[in-house]
1. Report those helices (runs of 4 or more DSSP H) wholly inside the stretch 7-104 carrying at least 1 residues which are basic (K, R) and loosely packed, with under 14 Cβ neighbours inside 10 Å.
2. State all residues of the stretch 129-160 that are of a type in the set (D, E) and closer than 24 Å to I194 by Cβ; if no residue qualifies, say none.
3. Going by the conditions given, is Y63 farther than 23 Å from P134 by Cβ, touching a residue at least 24 places away in the same chain (Cβ under 8 Å) and among the aromatic types (F, W, Y)?
4. Going through the stretch 29-72 one residue at a time, which ones are over 19 Å from E83 (Cβ atoms) and among the β-branched types (V, I, T)?
5. Any residue at all in the stretch 95-102 that is within 24 Å of G183 (Cβ to Cβ), modelled with pLDDT of 95 or more and more than 18 Å from the chain's Cα centre (by Cα)?
6. Based on this model, can you work out whether G141 counts as more than 12 Å from the chain's Cα centre (by Cα), over 29 Å from K107 (Cβ atoms) and either surrounded by fewer than 21 Cβ atoms within 10 Å (Cβ to Cβ) or not assigned by TED's automatic domain parsing to the domain that holds V219 (or both)?
7. Specify which of the listed residues (L136, L198) is out of contact with any Lys or Arg (no Cβ under 9 Å at 6 or more places or on another chain) and more than 12 Å from F8 (Cα to Cα).
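The values are calculated or read from the model by the stated rules, or taken from the named source; none is laboratory data. Remember, it's a predicted structure, so these values are computed and weren't measured experimentally. So basically every Cβ, Gly included, is an ideal-geometry build from the backbone, and we count neighbours across all protein chains shown.
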Amino acid sequence: MPNLRAVFVDAGNTLFTERRSRAALYATVARAHGGHTDEEQAADIMGRAFAEIPYSAEGNYRYSTNWFETFNQHVLLKLGVSEGRWQEASTKLLARFESPKTYRVFKEVPAVLEELSNRGITVGVVSNWSERLPVLLKALGLTEHINFIVTSAEMRSEKPAGEIFSRALFRAGVAADEALHVGDHHDRDVRGAIGAGLRAALVDRSSTEPRITKEGFPVLTDLRGILSLVEQPQDASLS
């Protein structure tokens, strides 16, 4: 099997995580704008809305900023925010999710990205996220060692579909068997990547030790496990 030349990583819950749950944020903003709800109800309504709203709503693809306007209207009205205030609340939510203060970068991530870059590995972020992800990653201080970012909003296609992985391979300039994709979701990240011909690994931060599953892919406890999957360049001793 060829040496790895590129590593693709998911964004949310792989590079960083939200300091509070999304449902908690929605409930807080809804209450501040006249709604009467709690985190549990918000989570239920958000889950239903995500399933009910089409992938393309009024011409806007899922995860795009404009799609989230439709999503937020649907959710906020059901959380008790009035017709006259839901847009104000939606603007507040969008700002929250674009703010680096909403997130926490996992502590090993900067060093792992730097080491991959030092080894000559092309690093890409492949995520079901809005077109604003590059701005967020820059604000989080993560873009120095990231070569490119591919989002589902810009692609109008999301993991586990093969198109988004194909775009990442094109951007990296590598063949599928020369790339590894790492993420926290079994179907979207692992099955999606393997289906597109890439190698894949699951990051499960609740695991106590790395392992290989019966399906044959690695499970990592954090992103440091990527480094053991990436061979040192053959001429590393000469550099």
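1. Fully inside the stretch 7-104 and qualifying: 39-52.
2. E154, E158
3. no
4. The answer is T65, and nothing else.
5. Scanning the stretch 95-102, I find no residue that is within 24 Å of G183 (Cβ to Cβ), modelled with pLDDT of 95 or more and more than 18 Å from the chain's Cα centre (by Cα), so the answer is no.
6. no
7. L136
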